[in-house]
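Here is the structure we will look at.
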Amino acid sequence: MAGRSKYDNPFEEGGADEVNPFADQAKRGGSTAQSSYSGGAFYTTQSQRPSAPPSTRLSPLPPEPADFYNDFATPVDIPMDTNKDMKTREKELLAKEAELNRREKEIKRREDAAARAGIVSEEKNWPPFFPIIHNDIGNEIPVHLQRTLYVAFASLLGLVLCLFWNIICVTAAWAKGSGPKIWFLAIIYFILGCPGAYYLWYRPLYRAMRNESALKFGWFFLFYLVHIAFCVYAAVSPSILFVGKSLTGILPAISLIGDSVIVGIFYFIGFALFCLESLLSMWVIQVKSLPTAFLFIS
């Protein structure tokens with residue numbers, strides 16, 4: 001060993017301290033190797049046998065469909081417009097655009113003509129939750145006339161309240177034995193009085209203040225006097241023209257309080273409402289409105 005030369009073969013089977021890794025295991029390991037192996041390195045041992053697969057082994061995945069990795073398995077037909085179809089659609093869109101422009105110009109021309117003629121479109125906007133009338137005092141009425149018109153509108157709402165409370169009071173009186181006739185009369189007062197007040201005097205006053213029309217103001221002046229006369233009559237409610245108990249005036253209240261205190265109190269409340277409505281209406285037609293009327297008439 002000590003005298004080995006540099007030309008010695010390293011794979012040559014030599015002494016005891018040199019081991020050839022490719023030599024037979026029997027020569028190097030003795031009897032132990034013979035009991036463990038029966039052949040070369042690529043043979044299994046004779047003493048060990050392959051064990052059974054464990055019971056916890058996962059089952060293999062099911063095979064994928066044949067077209068699983070094929071992105072074009074179900075082709076989608078996308079129709080492509082031809083050049084002729086695109087030109088046809090373009091012409092249709094241009095024709096529609098021209099028609100819309102023509103209609104827009106026609107509407108604008110009519111609105112301008114109506115504005116020059118003094119005609120204003122009245123879109124229903126009050127009350128906001130259920131519009132039934134047109135009322136836009138803040139935007140359509142001159143500032144120096146808005147206060148008077150606001151009070152006139154309050155008198156319109158006050159008349160609606162008075163006639164509605166009148167129905168409640170007359171219904172209570174009917175329940176105490178006053179007869180159904182007064183109840184039907186109270187319903188007629190409400191059905192005719194509320195829209196009649198709006199169309200006969202409030203809307204003429206609104207248009208007169210918006211357009212400064214003397215004719216419309218004269219119409220308001222005439223029917224508003226009738227309105228005040230009715231409120232004063234209802235506050236007293238004598239049995240002359242109407243059945244006395246069909247209106248909640250002072251005279252029916254006095255006659256009913258002896259029979260039923262509750263019905264009498266209801267009638268006294270109605271009397272107070274008609275008195276307030278009369279005073280409010282007189283404020284509208286008094287000196288604060290007369291200079292405006294003379295200004296319009298002149």
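The values are calculated or read from the model by the stated rules, or taken from the named source; none is laboratory data. All values derive from a computational prediction rather than experimental measurement. Heads up, the Cβs are rebuilt from the backbone with ideal geometry, glycines too, and the neighbour counts pull from every protein chain shown. What goes into the accessible areas is simple: the full protein's heavy atoms, side chains included, and nothing from ligands, DNA or RNA. Shrake-Rupley method; radii C 1.70, N 1.55, O 1.52, S 1.80 Å.
As a test of reading the structure, rank 170, 226 by solvent-accessible area (1.4 Å probe, protein chains only), most first.
Largest to smallest exposure gives the sequence 226, 170.
Largest accessible area first, the listed residues 85, 136, 259 line up as 259, 85, 136 when surface is computed with a 1.4 Å probe on the assembled protein chains.
In this rough spin-label picture, where each label sits 7 Å from Cα along the Cβ direction, the residue 211-residue 113 distance is 1.7 nm.
So what is the relative contact order for the range 116-233, in percent, with contacts set as C-alpha pairs under 8 Å and at least six apart?
Numbers: 84 pairs, mean separation 23.2, N = 118.
Once normalised by length, the contact order is 20 percent.
Look at the dipole of the range 146-295 built from charges on Cβ: of 187, 169, 204, the Cα furthest out on the positive end belongs to 204. Only protein heavy atoms count here; under a 1.4 Å probe, residue 232 has an accessible surface of about 60 Å². Our summary gives the range 146-295 a relative contact order of 28 percent, counting only alpha carbon pairs under 8 angstrom and 6 or more residues apart.
The heavy atoms of residue 105 present about 150 square angstrom of accessible area, all protein chains included, probe 1.4 Å.
Each Lys or Arg adds one and each Asp or Glu takes one away; over the other residues whose Cβ falls under 14 Å from the Cβ of residue 172, this sums to +1. Computed with every protein chain present, the accessible area of residue 164 is close to 110 Å² [probe 1.4 Å].
The three principal axes of the Cα atoms in the range 146-295 give end-to-end lengths of 53, 24, 24 Å, sorted in falling order. In the context of the full set of protein chains, residues of the range 146-295 present 49 Å² of accessible surface per residue (probe radius 1.4 Å, heavy atoms only).
The distance between label points at residue 95 and residue 194 comes to 5.2 nm (points 7 Å beyond Cα on the Cα→Cβ vector).
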